[in-house]
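The values are calculated or read from the model by the stated rules, or taken from the named source; none is laboratory data. If you're wondering where the values come from, they're calculated on a predicted model, not measured in any experiment. Cβ placement follows ideal geometry from the backbone for every residue including glycine, while neighbour counts extend to all protein chains displayed. Ligands, DNA and RNA are excluded from the accessible area calculation, which covers all protein heavy atoms including side chains. Shrake-Rupley method; radii C 1.70, N 1.55, O 1.52, S 1.80 Å.
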Amino acid sequence: MEIKEEYAIENKAECKRAILAVRDTLDVVGGKWKLVLLTILMRGKRRFRELSREAGISPRILSKELQELEMNGLISRTVNDTKPITVEYAVTPYSETLHEVLDALNRWGVQHRHKIINTP
């Protein structure tokens, strides 16, 4: 397999920096749910229960994932003064920096699913 020149890593220091960057990224958005939640929220604000239903995630896990996304500045949490009180989640402008990553994952996932399903 030939490595594209644009992806070739020149030396050990550059390789270490690349590994560190990937680890940092995975620390922020890794796991089963974070990118799924960001994909949903990029289509508009959602309340907690809406997110839980749409993603198919338990409330306990959803709460933990949302706290981590908020802590990393990728989503915002707004408490509305309604009866009962409602909480809405939305993406922040910073989360838009992940748009290309999410698009690439979507394209690859569609391609992979097609390959797996259509392979005898």
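Results, tabulated for the structure shown:
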{"item": "Mean ellipticity per residue at 222 nm, deg cm²/dmol - from DSSP H runs of n ≥ 4 across the chain, formula -39500 (n - 2.57)", "result": "-18000 deg cm²/dmol"}
{"item": "Per residue, in Å², the accessible surface of the chain once ligands and nucleic acids are set aside, probe 1.4 Å", "result": "79"}
{"item": "Table column - 3J(HN,Hα) (Hz), the range 17-28, Karplus curve with 6.51, -1.76, 1.60, x for Gly and Pro", "result": "4, 5, 5, 4, 5, 5, 4, 4, 4, 5, 4, 8"}
{"item": "For peptides 12-18, 41-47, sequence by mean Cβ density within 10 Å, most packed first", "result": "41-47, 12-18"}
{"item": "Sulfur and carbon atoms: percent of accessible area, the chain [1.4 Å]", "result": "55"}
{"item": "With DNA, RNA and ligands ignored, accessible area of Arg77 (1.4 Å probe; Å², nearest 10)", "result": "120"}
{"item": "Which label in [x] 17.9, 60; [y] 14.0, 48; [z] 15.4, 48 gives the computed Rg and Dmax of the Cα atoms in Å", "result": "[x]"}
